[in-house]
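See below for the structure under consideration.
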Amino acid sequence: MTADAAGAVEIRNALVRLRRATGLPVAFGGLVEPGRRRVRISELNGNSTPALSGLPVTSGNGLGGRAVALARPCAVTDYSSAKQISHEYDIPVATEGLRSILAVPVVVRRRVRGVLYGALRTAEPLGDRTLGAAMEAARDVEQALVVRDEVRGLLAAAAGAEPVRERAPGAVWEQVREAHAALRALAPRIADPALRAELLDACRLLTPEPVRTEVRLAPRELDVLTCLAAGATNAGASERLGLRPETVKSYLRSAMRKLGAHTRGEAVASARRAGLLP
């Protein structure tokens with residue numbers, strides 16, 4: 001799945017959540033086109049016509065374009081008569097029968113990556129509750145895009161690290177181990193199974209060829225050991241993996257028992273000898 005397709009999926013899911021949370025009859029949105037200050041509306045939910053589908057919205061134009069240009073939410077109570085926006089898109093908006101509309105930008109690292117819209121077919125204020133729900137939906141998309149960006153960067157780093165596994169000096173090995181730990185920590189947060197599988201495949205690229213061993217660690221046991229091997233404390237592993245400290249300790253004890261280790265250092269060393277860790 002391409003980055004654009006994955007981003008569209010996040011937009012689509014956010015629109016469903018937005019309508020469910022607010023009862024809005026229509027929600028739509030899209031991503032900023034690469035290299036252009038323009039959003040293309042690709043995802044629609046609750047629409048009755050195709051009038052908005054594929055519509056390119058230029059930065060500064062209309063309500064969504066204003067949200068892109070200002071990088072903040074914008075709303076109008078009656079789109080066709082609103083004086084604070086330009087009216088390049090009045091025909092498709094009217095064809096869909098929309099009156100009251102809000103637009104919330106999706107901003108990642110100070111760059112607008114997309115826009116979510118919510119709309120009524122009547123001219124009435126949308127209210128703070130609706131705006132808050134739209135902003136929450138946009139934040140969900142932002143966080144998902146941040147995670148995907150991190151994953152893509154780590155996958156690229158993993159691909160670059162693969163050829164040096166056999167000759168890597170200590171400093172490079174530490175970078176490899178940190179990349180491995182970051183990938184393992186991100187994996188459970190990835191909803192897309194294809195991307196998660198790609199990420200875990202990259203983890204395996206960063207470990208030596210496995211030796212014959214009867215040790216079989218559960219994924220979370222390996223996640224905890226990976227964090228500890230990268231220098232994290234129990235508390236640090238807890239925060240990084242989104243687990244309670246007691247749960248981290250439980251996974252660590254289980255991994256140590258399977259590896260026949262009496263200390264965490266012995267557990268890490270045994271896991272490395274077994275080819276489970278870089």
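The values are calculated or read from the model by the stated rules, or taken from the named source; none is laboratory data. Computed from a predicted structure; not experimentally measured. Quick reminder, even Gly has a Cβ in these numbers, built from the backbone with ideal geometry, and neighbours come from all protein chains shown.
Number of residues in the range 105-146 that are in contact with a Gly (Cβ under 8 Å, 6 or more places away or on another chain) and of a type outside the set (Gly, Ala, Ser): the value is 11. Would a scan of the range 6-24 turn up a residue that is at pLDDT 95 or above and assigned to a strand (DSSP E or B)? No.
When we screen Arg121, Arg66, Arg99 for residues that are under 23 Å from Gly54 (Cα atoms), among the charged types (D, E, K, R) and touching a residue at least 60 places away in the same chain (Cβ under 8 Å), the only hit is Arg121. Counting the residues of the range 76-114 that are outside any loop (DSSP other than H, G, I, E, B), surrounded by fewer than 21 Cβ atoms within 10 Å (Cβ to Cβ) and of a type in the set (S, T, N, Q) gives 3.
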